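This is the structure I want to talk about, given as C-alpha cells.
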Amino acid sequence: MNTIPFGPRNEPPDPLLAKAAELPKDVVPARDLWTSIAARIAGEPQRARSRSFRWPAALAAGFLVASVSALLTWGLMRDSDPTMQKPVVIAETPDAAIVPVNYGANSGLTVKEIVARDELLARFREKFNELRPETRVAIQKNLAIIQTAANEIDAALAKDPASGMLKSLLIGAYKQELQLYSTVVTSSDGLTRRT
Amino acid sequence: MTIRNLVLSAAILAAAAAPAAGAETITKKVTVAPDVTVEVSNVQGSVEVTAWDRNEVQLVAELESNKDELEFEATERMVRIEVDRPHGKYHDDEDDAYLTLHVPRGARLIVDTVSATINVSGVRGEQNLQTVSGEVETQSFDAPVSATAVSGEIAIAGNGGKAVVTTENVSGSAMVSGIRGSYQGEVVSGEIRASIAKAERIEASTVSGEIDISADLAPAARVEMESVSGTVSLKIKPPVNADFDIESFSGSIENCFGPKPRDTSKYTPGSELNFTQGSGGARVEIQTLSGEISICDR
C-alpha cells in the first residue's frame with residue numbers, strides 16, 4: 001500500500017533558508033539622495049541667489065513643470081503599488097532620440113525620484129537640440145551606457161536583492177543621469193533665464 | 001554695505017544695430033571689493049580669466065555675431081557678465097564670443113558655458129566652472145574648486161593648497177594634479193586621473209570609465225571609490241597604514257599588498273577583500289559590479 005503524505009510537514013528547517021531569513025529586509029541608503037536632487041531641480045538655489053529674475057519666464061516654466069508633474073503623478077498613481085517604479089511613459093516629443101534610462105523592477109527607486117527625474121528631463125529636452133551635433137551624439141551614447149549599467153545592476157539585484165553595494169551602484173547611475181541633464185539645463189539657461 | 005558702482009549697473013546691450021560688420025570689441029572696467037563674486041555666462045567661444053593685484057574687474061569682449069547680446073552689470077560685491085543668444089542655436093563656428101577678464105586674486109568665480117572653453121589662472125577664491133562641450137582648465141589654491149563638463153575635458157593643477165576639488169564629467173576626462181586634501185570625481189564613460197597629497201577624503205565613481213588615483217593618505221583618511229563596469233586603480237604612496245574593504249559582484253580584484261580576495265559564495269562569482277595594512281587608521285572602500293579593481297603602493 002502506498003502512503004501519500006498530506007497536511008503540515010514538520011521537516012527539519014533548511015539551513016540555507018534559515019540563513020536567508022536572517023538577512024535584513026531593507027537596506028538604508030548610504031546617503032540622503034533627495035536633498036541634492038531637489039536642490040538641482042530647483043535650479044541650484046545657492047548659486048542662483050544673487051541672480052535677477054524674470055517673472056514671465058518663471059511663471060511659464062513653473063506652469064510647464066507643474067503640468068508635466070501632474071500628468072506623470074496621475075499616471076503613476078493609477079497603478080496599485082505606489083512604492084515601486086513603473087515603466088516610464090515618455091511623452092511624444094519632437095525629438096524622440098532622447099531615451100531616458102529605464103530602471104528595472106528591482107531598482108527600488110520611488111515614484112518621487114522618477115517624477116523628479118522626468119521633470120528635469122522635460123527641461124533638458126528643450127535644450128538638447130540647441131547643442132552641437134557631436135555633443136548630442138555623446139549624450140545619447142552615454143545615456144545608452146547608463147542604461148546598460150542599470151540593466152546589469154538590475155539583473156544583479158534580482159540575484160541579490162539585499163546587496164547594499166548594488167543599491168549604491170544603482171543610485172550612482174541615477175545620479176549620473178540627473179547630473180547630465182542638470183549640466184545641460186543650467187549651462188544653456190545662462191544667468192538671467194535661470195530660475 | 002556701500003555699493004560704489006551701482007550707477008554702473010545698467011545693462012549694456014551690445015547687439016549691433018548695423019548689419020553684420022565683423023567682430024565687435026567691447027571693453028569695460030569697474031572697481032570692486034577684493035573678494036568680489038564674478039559670474040560669467042557664455043555660449044560658445046571662450047572665457048579667459050586671469051587674476052591680478054588690482055581691485056578691479058576688466059572685461060574685453062569680442063563678439064563675432066551681431067545677434068549676440070552682451071550684458072554687463074556691476075556692483076562692488078558682484079559683477080555679472082552674460083553673452084546671450086536669443087535665438088538659441090549654438091552650431092555656427094563663426095559665431096564665437098571671446099571674453100577676456102582680469103579679476104582680483106581673491107575673487108569668487110562662477111562661469112557657465114555651453115561650448116565655450118574656460119581658462120582660469122591665478123584666482124584664489126572659490127571657483128565653480130561648468131560647460132557642456134567646452135574645456136575647463138584652472139588652478140586650485142586653498143578655496144574649493146568645482147568643474148563640470150559633459151563632453152569636454154577638465155584639467156586642474158593644484159598649487160599645494162588644501163582645497164576641496166570636485167570634478168564631474170560624462171564622456172570627457174578629468175586630469176587633477178598637485179592638490180592636497182579632498183577630491184571628489186564622477187565620470188560616466190570618460191576617465192579620471194588624479195594625484196592627491198595628504199589626502200583626507202577621496203570619493204570617485206564611474207559607470208564604465210576609468211579611474212586612476214595616486215595619493216598619500218592622511219592618518220584618518222577616507223577613500224570611497226566605485227564603478228559599475230569600469231576600472232578603478234588606487235596607488236597609495238608608502239608607508240601605507242589603512243584598513244581595506246574591497247567588494248566585487250562579478251569583476252576582478254588585484255592587490256599587490258599580499259592578501260588574496262575570497263569568494264563571497266560558492267554559487268556566485270562575487271569576491272571580497274578585507275585586510276589591514278600597516279597600523280591601519282585610514283579607511284579604503286572600493287566596490288564594483290563587473291569592473292576591475294587594482295590597489296597597490298607603487
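The values are calculated or read from the model by the stated rules, or taken from the named source; none is laboratory data. Remember, predicted model here, so these are calculated numbers, not experimental data. In this analysis, Cβ positions are derived from the backbone assuming ideal geometry, glycine residues included, and neighbour counts consider all displayed protein chains. Surface areas here come from the heavy atoms of the whole protein model, side chains and all, with no ligands, DNA or RNA. Shrake-Rupley method; radii C 1.70, N 1.55, O 1.52, S 1.80 Å.
Would you mind checking A:175/B:260; A:112/A:175; B:162/B:237; A:127/B:29; A:167/B:162 for any pair whose Cα atoms are more than 24 angstrom apart?
Numbers: A:175/B:260 32 Å; A:112/A:175 14 Å; B:162/B:237 18 Å; A:127/B:29 33 Å; A:167/B:162 33 Å.
Violating the 24 Å limit, Cα to Cα: A:175/B:260; A:127/B:29; A:167/B:162.
Just how much of residue B:256 is accessible, in Å², when a 1.4 Å probe is used and the result is rounded to the nearest 10?
About 50 Å², ignoring ligands and nucleic acids.
So, in nm, how far is label residue B:260 from label residue B:298 when the simple model puts each one 7 Å beyond its Cα toward the Cβ?
Those two pseudo-labels are separated by 2.2 nm.
Continuing with this model, one more query. For residue A:120, what accessible area in Å² do you get when you roll a 1.4 Å probe over the heavy atoms of the protein chains, rounding to the nearest 10?
Here the residue's solvent-accessible area equals roughly 10 Å².
May I ask for the Rg/Rh ratio of the stretch B:139-298, computed from Cα atoms with Rh as the Kirkwood radius, given to two decimals?
On the way: Rg = 15.2 Å, Rh = 15.5 Å.
Result: Rg/Rh = 0.98.
Got a sec? What order do B:180, B:80, A:125 fall in by accessible area at 1.4 Å, biggest, i.e. largest, first? The partial results should precede the final answer.
Numbers: B:180 80, B:80 5, A:125 45 Å².
From most accessible down to least: B:180, A:125, B:80.
Please work out how much length the chain gains when fully extended from residue B:23 to residue B:220, using 0.36 nm per residue of separation minus the C-alpha to C-alpha distance, in nm with one decimal. Write down the numbers at each step before the final one.
Numbers: separation 197, 0.36 × 197 = 70.92 nm, distance 5.52 nm.
Gain on extension, residue B:23 to residue B:220, equals 65.4 nm.
Here's something else I'd like to know. Sketch the reach of a paramagnetic label on residue A:151 as a point 7 Å from Cα along Cα-to-Cβ, and name the residues of the stretch A:98-112 whose backbone nitrogen lies under 13 Å away.
Residues A:101-104 fall inside that zone.
If you don't mind, there's one more thing I want to ask. Mind running the shape call on chain B? Use the C-alpha gyration tensor, a ≥ b ≥ c as the square roots of the eigenvalues: rounded below 1.5 for a/c, prolate if a/b tops b/c, oblate otherwise.
Values: a/c = 3.80, a/b = 2.06, b/c = 1.84.
Since a/c reaches 1.5 and a/b is larger than b/c, the shape of chain B is classed as prolate.
What figure in square angstrom, to the nearest 10, would you give for the accessible area of residue B:212 with a 1.4 Å probe?
My reading of the accessible area for residue B:212 is about 30 Å².
What size of dipole, in debye to the nearest 20, comes out for chain B about its Cα centre when the only charges are +1 on Lys and Arg C-beta atoms and -1 on Asp and Glu C-beta atoms?
Details: 25 positive and 45 negative charges, 232 e Å.
With Lys and Arg at +1 and Asp and Glu at -1, about 1120 debye.
State to the nearest 20 debye the size of the charge dipole of the stretch A:119-195 about its Cα centre, where the only charges are +1 on K and R beta carbons and -1 on D and E beta carbons.
220
Give the dimensionless ratio obtained when the Cα radius of gyration of the stretch B:61-205 is divided by 2.2 N^0.38 Å. Write out the running numbers ahead of the final one.
Values: Rg = 16.0 Å, N = 145, 2.2 N^0.38 = 14.6 Å.
That ratio works out to 1.10.
By how many nm would the segment from residue A:105 to residue A:140 grow when fully extended, if each residue of separation counts as 0.36 nm and the alpha-carbon distance is taken off?
Numbers: separation 35, 0.36 × 35 = 12.60 nm, distance 2.31 nm.
10.3 nm is the gain from fully extending residue A:105 to residue A:140.
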